[in-house]
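What follows is a set of notes on a single structure, which appears directly below.
Only the coordinates and a few stated rules stand behind these numbers; no lab work does. Everything numeric here is computed off the predicted structure, so don't read it as measured data. Neighbour counts run over all protein chains shown; Cβ positions are idealised from the backbone, glycine included.
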Amino acid sequence: MHDLKPISALGGVSDTIGTMTITENSGVALASVAARMGGEVATKKALKKLLGDVPGPGRSQQHDPESGFWMGPDQWMIGAPMDTHELLADQLKTLLGDAASVTEQSGAWVVFDVVGAALPDMMERLCAAPVRTMVAGDTQRTVIHHLSCFVIRQNGADHVRILGPRASAGSLHHALNGAAHSVA
Amino acid sequence: MIINHPLLGPRDASEFTYLGDAKLIDRPDWQSDTAAQDFYEYGYLRTNPAGEHRELWFHEAGDRSWLVVTRNTLTHEISAVEMARDVARAQGRSK
């Protein structure tokens, strides 16, 4: 056997530009949950037990170890620490059974944590998400440089988490850094 | 143009893509005796009203849901926005 080492999309890159810090967060395991027809009630019940509450449209639920956010009608993304939940999709499938379809998403997304005082200025150069009026937990899917991304307002006052397509991680990172430079 | 998404509130039209007449929900029964004629009409024939039009929009840069938008083609005024799946289910198309 080769001794293979898992790597993240951009090697855990972290840049500080002016007041802004943009860090690739490679420690998030992701899986999507889509309730099957007739399984909506059972899925919500299981998610409520898992997360404490089921996030509604445009919202996320912060919880330890699993968190989740609403993606669409009867669809959620669940996240958990990669160290302990690398097989998150399998764990969710065991939990949900035939009530929902579960898809592994860790390999589909790149996660950036964007933190800093100039966050609202930076975000309004990037996308249409109204970061100034979003409160902790508000989540919007939007377009950043033609890439479909999730923007999640975190608990910290100047912190958003951005999930973007992993195959375009470099392009998204370039977009974030460019916007940070323009407000630095 | 702003589309008032039933779940997410007012969103800019640039987040959506347009498909066309909402009659596409009414897919004919392929086992019907008149299936060939029905599918010809379903595939090719559209009314082109100057006024109210029910049409399908896809929230591509958002939650990826399909919407049935009632829009006036003369004024672009939007009078109703529904989730396409609710419309389809109300017509018994969820089996």
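Structural remarks
- Residues satisfying the stated conditions in region A:3-17, i.e. not in a loop (DSSP other than H, G, I, E, B) and not hydroxyl-bearing (S, T, Y): A:D15, A:I17
- There is no residue in region A:14-32 that is within 14 Å of chain B (Cβ to nearest Cβ), hydrophobic (A, V, I, L, M, F, W, C), within 27 Å of A:M134 (Cβ to Cβ) and in contact with a Ser or Thr (Cβ under 6 Å, 6 or more places away or on another chain).
- The residue of region A:164-176 that is nearest to A:G79 (Cα to Cα), among those that are crowded, with 16+ Cβ neighbours inside 10 Å and more than 14 Å from every other protein chain (Cβ to nearest Cβ), is A:R166.
- Looking across region A:54-79, the residues that are without any contact (Cβ under 8 Å) to a residue 60 or more places away in the chain, in contact with a helix residue (DSSP H, G or I) (Cβ under 9 Å, 6 or more places away or on another chain) and more than 16 Å from B:A61 (Cα to Cα) come down to A:V54, A:H63, A:E66, A:S67, A:G68, A:D74, A:W76, A:I78, A:G79.
- Matching strands (runs of 3 or more DSSP E) fully within chain B where at least 1 residues are more than 14 Å from chain A (Cβ to nearest Cβ) and either surrounded by 14 or more Cβ atoms within 10 Å (Cβ to Cβ) or touching a residue at least 12 places away in the same chain (Cβ under 8 Å) (or both): B:17-21, B:52-58, B:66-72, B:78-83
- Residue match in region A:133-153 (condition: over 22 Å from A:V28 (Cα atoms) and surrounded by 18 or more Cβ atoms within 10 Å (Cβ to Cβ)): yes
- Within region B:49-95, restricting attention to residues that are touching a Pro at 6+ places or on another chain (Cβ under 9 Å) and not basic (K, R), the residue that is farthest from B:A22 (Cα to Cα) is B:D63.
- Close pairs (7 angstrom Cβ cut-off, 6 or more residues apart or separate chains): of a type in the set (K, R) in region A:127-144, assigned to a loop (DSSP other than H, G, I, E, B) and surrounded by 14 or more Cβ atoms within 10 Å (Cβ to Cβ) anywhere: A:R141/B:A61; A:R141/B:G62; A:R141/B:D63
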